[in-house]
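The values are calculated or read from the model by the stated rules, or taken from the named source; none is laboratory data. All of these numbers come straight from a predicted model, not from anything done at the bench. Here the Cβ is made from the backbone with ideal geometry for all residues, glycine too, and neighbour counts use every protein chain on show. With ligands, DNA and RNA removed, areas are computed over all heavy atoms of the protein, side chains included. Shrake-Rupley method; radii C 1.70, N 1.55, O 1.52, S 1.80 Å.
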Amino acid sequence: MKKKIENEEYIEYTKGDNVFEDLGFRPDESARLRFKQELWLYIVDNIKQRELTQHQVSKILDVPQSRVSNVMNGKIQGMTIDSLMEFAAKLDQNVTFEIKRLA
């Protein structure tokens, strides 16, 4: 589906379950990116709900405040899923996931 924007250009978008796959990533890479994104969103939502400051979060996670700032601003390109899982655990979050066979 295409949507017209002000300057007469068009943005194409889909309604798939995985935006990364829609953007052309390989299925394995898109699954990894989607998992990482969902984990990041879960962490950020938890921090916001608890109304923690970046300083408080840096103490809980035992990382520099600049790293917390990067997480809060979605700059997680260089972060691993393992480090995000560790952050979730330190924030007292229980992360579970489900593996499904692709059709």
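Annotations for the structure displayed:
- Solvent-accessible surface (1.4 angstrom probe) belonging to E29, in square angstrom, nearest 10: 50
- Sites listed here are trypsin sites (Lys or Arg not before Pro) in region 14-62 whose DSSP assignment is loop and whose Cβ has at most 10 other Cβ atoms within 10 Å: K15.
- Most to least accessible of L23, L91 (protein chains only, probe 1.4 Å): L23, L91
- Whole-percent carbon and sulfur share, accessible surface of region 32-89, 1.4 Å: 47
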